[in-house]
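Beneath this line is the structure, given in structure tokens, with notes to follow.
The values are calculated or read from the model by the stated rules, or taken from the named source; none is laboratory data. Computed from a predicted structure; not experimentally measured. So basically every Cβ, Gly included, is an ideal-geometry build from the backbone, and we count neighbours across all protein chains shown. Each accessible area value is taken on the protein alone, full model and side chains, heavy atoms only, with ligands, DNA and RNA left out. Shrake-Rupley method; radii C 1.70, N 1.55, O 1.52, S 1.80 Å.
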Amino acid sequence: MLMNRMNRKLLMCAFLVAVLPVSFSASVFAQATIDQVIQEGESRADAGAAEQKRVEQIATQTDNLLNDYNTLSKVVDGLVTYNSLLKRQVDNQEIEKAALAESIENVALIERQIIPLMTRMLDSLEQFIALDTPFLMTERTERLERLREMMERSDVSSAEKFRRVIEAYQIENDYGRTIEAYKGTVPIDGNQQEVDFLRIGRVALAYQSVGGAHTGVWDVEAGQWVELDPSEYKNQVADGIRVARKQVAPDLLIVPVAAPAGE
């Protein structure tokens, strides 16, 4: 019986000796598995963080691209509007270009017609001055001569020539509604004497010698100077000369005027 107990103890010790290496190996294996699991978890966590970061970067890039797209879309819309405006401007310029081209084609024709017209206008002006009341004859004839000389100059444009001719007509027209006093000479008793002229539009042209000894008027029908009665017109003509020179205030003047010719 004692022997059985000893054998039983020996068997237990042997069993323990056999089991101890197996248990130790299992413990070591379990610890290694846990470390691998932890390491795998950490790796997956790192991979997840990296993936999240990549997703965030892609989202940021997407937002930036969307903002760039919206900005470019607005720029494109603005360019479309701007190009539409430019197209309308170009269309209008093309219309103006066509009109200018047509005008340029007509310039030569107009210039060929305007030169003879201005020549006829100067001829008419010369005839008008010759038939008109003879006031400022030197000034008026010299102006006409300058215009004729200008017509032969190549350095003066047709537009400028026409402007100068119209200006001469305007000056002649203004003579009819102004009053003027100026100095000149008239033949008195066979001699040229210095006088003061009084022109009242084209209605009357009178003169008065220095000192007032002679007073006369241009007779349109007779085409010559006619001396007036000093007692009747001397003071009136003298007053008119002072009014024309703005030496006195305007007043009623009595001057000889030719009556309209009857039919």
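Per-structure values
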quantity	calculated
Charge dipole (debye, nearest 20) of the stretch 55-146; +1 at Cβ of Lys and Arg, -1 at Cβ of Asp and Glu	180
Rounded to the nearest 20 debye, dipole of the stretch 146-245 from Cβ charges on Lys, Arg, Asp, Glu	460
Most to least packed among 35-45, 243-253, 190-200 [average Cβ atoms within 10 Å]	190-200, 243-253, 35-45
Extreme residue, positive dipole direction of the stretch 121-263, given options Thr178, Met121, Tyr207 (C-beta unit charges)	Thr178
Surface accessible to a 1.4 Å probe, Asp63 within the full protein complex, Å²	90
Heavy atoms of Arg146: accessible area, 1.4 Å probe, square angstrom to 10	120
Pairwise centroid distance, computed over Cα atoms, of the stretch 120-170 with the stretch 52-72, Å	82
Per residue, in Å², the accessible surface of the stretch 117-207 once ligands and nucleic acids are set aside, probe 1.4 Å	57
Largest-first ordering by accessible area, 1.4 Å probe, given options Leu85, Leu131, Leu65, Leu147	Leu131, Leu65, Leu85, Leu147
